[in-house]
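> Dropping the structure in here first, questions after.
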Ligand code: MG
C-alpha cells in the first residue's frame, strides 16, 4: 500500500499507484504466502517473525526497485497517450477543389488564361499568333485583362528549334507579375549571367539548379506568387515572395524580391495595388506557350476560441465545436 501511494505521489498517476500496489501484493504472496492466510488461522498460529535472511531481503529490495522503475517509466507514456493537444482555433472548412486529370491540368477553381485556342484573357494578343494550339510571341508584351495578387500560376513554354542566338538573345521571354520578372530563356548549354538564365528572378537571383530541357522540348513553370504590400503612405510593408518549380523541380524557394527587375538600374519598389496583370514578354524570340492557368490563393481563416490546451481523456474536456 505504501509503495502504491509513493508511486502515485511520484508520478501523479493513479494507475501507477494501483499497479505498484497490486504488483507488490503478488510479490509478497510469492515470497511469504503465510502472510495471506485467513485471520482466524493467524490468531491460532502466531506469525513467524519477518524473514530476515539476506537473500530474501535482497530479493524484496530488487523487486521494489523494479516496480518503482517500471511505474515511473511507463506512467508518463500512458499519460501522454491519454492527452490530446487542442490548438483552440476554429478553422473554416477548406473548399472542395477537383484536381485536373494530370497535375499539369487546371483544377476546378483555375482561371484559364490559354487553352490552346482562346486568347480572350489577354490584352494585345492579336499581335501574337496561335498555331497548332500554341501561343507564339509576336509584337509587344501581352497582359491579362484580369488582375491577380497572391496566386498559383502554371505555364508551359518551349524555346525555338533550331536554337538561334546566344546568351540573352536565345529563346528569351519572361513571365511578369506586374513589374517583376521570372526569366524565360533557352538555358540549355547557353552561357549567360546566372541571374539572367531560365527561372532566375531577373538580375536578383539565379535558380537553385538548371533544369532546362533541350530546345524545342516543353518546359513548365509552377509559380507561387505572393504580392508585395504597401501602407497608405506608399511604404513597403511586405515584400513580394516567389516559389518556382521548373519542370517539377524547385528552383526558387520562397525568394524575397528586392523590388522590380529592370535591366538598367537596381531593383526598387514603387507602390501599387496588390492585384496586377500577369504579362508575357516579347524579347524578339518566337518562344511558344501553352496550357496557361492561374489560381487565386488566400490564407485559410481561423478564429481562436480558447487558449491552446491538452485535453485529458479521463476528464473529457470538450472539443471545440465544428465550424
Ligand atoms: Mg526575359
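> For segment 130-164, name all the residues that are in a strand (DSSP E or B) and touching a helix residue (DSSP H, G or I) at 6+ places or on another chain (Cβ under 9 Å).
Matches in segment 130-164: 135, 142.
> Can you pull out every residue in segment 206-215 that is in contact with a strand residue (DSSP E or B) (Cβ under 6 Å, 6 or more places away or on another chain) and farther than 11 Å from residue 246 by Cβ?
none
> Out of the strands (runs of 3 or more DSSP E) lying entirely within segment 165-243, which hold 2 or more residues that are within 16 Å of the ligand (Cβ to nearest atom) and under 20 Å from residue 286 (Cβ atoms)?
Fully inside segment 165-243 and qualifying: 173-177, 180-184, 219-226.
> Specify the residue that is farthest from the chain's Cα centre (by Cα); the eligible residues are those in segment 244-263 that are surrounded by 13 or more Cβ atoms within 10 Å (Cβ to Cβ) and in a loop (DSSP other than H, G, I, E, B).
Here the residue is 262.
> Let me confirm something: among 228, 267, 215, which residue is closer than 25 Å to residue 134 by Cβ, surrounded by 15 or more Cβ atoms within 10 Å (Cβ to Cβ) and either assigned by TED's automatic domain parsing to the domain that holds residue 154 or modelled with pLDDT of 95 or more (or both)?
Exactly one residue qualifies, and that residue is 215.
> Right, something else. Right, residue 283: closer than 29 Å to residue 215 by Cα and modelled with pLDDT of 95 or more or not?
yes
> Sticking with this one: Being surrounded by fewer than 12 Cβ atoms within 10 Å (Cβ to Cβ), at pLDDT 95 or above and in the same structural domain as residue 280 (by TED's automatic domain parsing) is true for just one of 120, 103. Which residue is that?
120
> Another question about this same structure. For segment 95-104, state whether one or more residues are out of contact with any helix residue (DSSP H, G or I) (no Cβ under 6 Å at 6 or more places or on another chain) and under 25 Å from residue 257 (Cβ atoms).
no
The values are calculated or read from the model by the stated rules, or taken from the named source; none is laboratory data. These numbers come from a predicted model, not from an experiment. As a convention, Cβ positions derive from the backbone with ideal geometry for all residues, glycine included, and neighbour counts pool all protein chains shown.
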